[in-house]
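Single-structure report; data block below.
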Amino acid sequence: MNSHFLEHALKSRFLRFNLSGEDYTIPLYLVREVMPLAQVRPEPQMPIIDLAAKLGHAHRPGAEQTVIICTLEGFCLGLLVDSIKAVVVPAPEQFFASNAVMDSKFPTCIAGFFSLQDGKVPMINPAAILSAEEIIRLTSTKRSAA
């Protein structure tokens, strides 16, 4: 787990979103923009990852299909989600690290959970969704495009 990510994340507000009827959060400081999928222009240096597929879910029928554009170190990444719910401000003491989540299909992208009034809500680390090879390719593509 990247301690730099957690240090900044726990000082942040969070964007709460939905995938297949399940809620997730992402630190708001990483979010550059949120837009409907239909308005997103494809860019080679900014992949759009179907987060539901990465986490082993199917999209909800009739979902809004929204893209969360994240700014990470050296590149941008779009995350396709079903819908945006709210901006939330949980207290750091409501956070529990992901080592308690060994049954998750992709535990490396789930940094931990917030214990909120309506249950445990996972926090996604978008940088951990991609493999090291994908990150190298994206950062080198961005440098060569500059």
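The values are calculated or read from the model by the stated rules, or taken from the named source; none is laboratory data. Here the structure is a predicted model, which is why all the values come from computation and not from measurement. When we count neighbours, we look across all protein chains shown, and the Cβ atoms used for this are built from the backbone with ideal geometry, even at glycine.
Summary table
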{"read-out": "Those residues of the stretch 47-73 which are of a type in the set (A, V, I, L, M, F, W, C) and either outside any strand (DSSP E or B) or free of Cβ contacts under 8 Å to residues at least 40 places away in the same chain (or both), in sequence order", "value": "48, 51, 52, 53, 55, 58, 63, 67, 69"}
{"read-out": "Residue, farthest from residue 27 (Cα to Cα), within the stretch 94-125, restricted to residues that are assigned to a helix (DSSP H, G or I) and at pLDDT 80 or above", "value": "94"}
{"read-out": "Residue identified as farther than 30 Å from residue 137 by Cβ, aliphatic (A, V, I, L, M) and at pLDDT 85 or above among 81, 88", "value": "88"}
{"read-out": "Only listed residue being under 29 Å from residue 93 (Cα atoms), in a strand (DSSP E or B) and either touching a His at 6+ places or on another chain (Cβ under 8 Å) or without any contact (Cβ under 8 Å) to a residue 60 or more places away in the chain (or both), chosen from 32, 16", "value": "32"}
{"read-out": "Residue match in the stretch 35-45 (condition: of a type in the set (A, V, I, L, M, F, W, C), part of a strand (DSSP E or B), under 16 Å from the mean Cα position of the chain (by Cα) and surrounded by fewer than 17 Cβ atoms within 10 Å (Cβ to Cβ))", "value": "yes"}
{"read-out": "Number of the exception - residue 7 against (1) in a helix (DSSP H, G or I); (2) surrounded by 13 or more Cβ atoms within 10 Å (Cβ to Cβ)", "value": "(2)"}
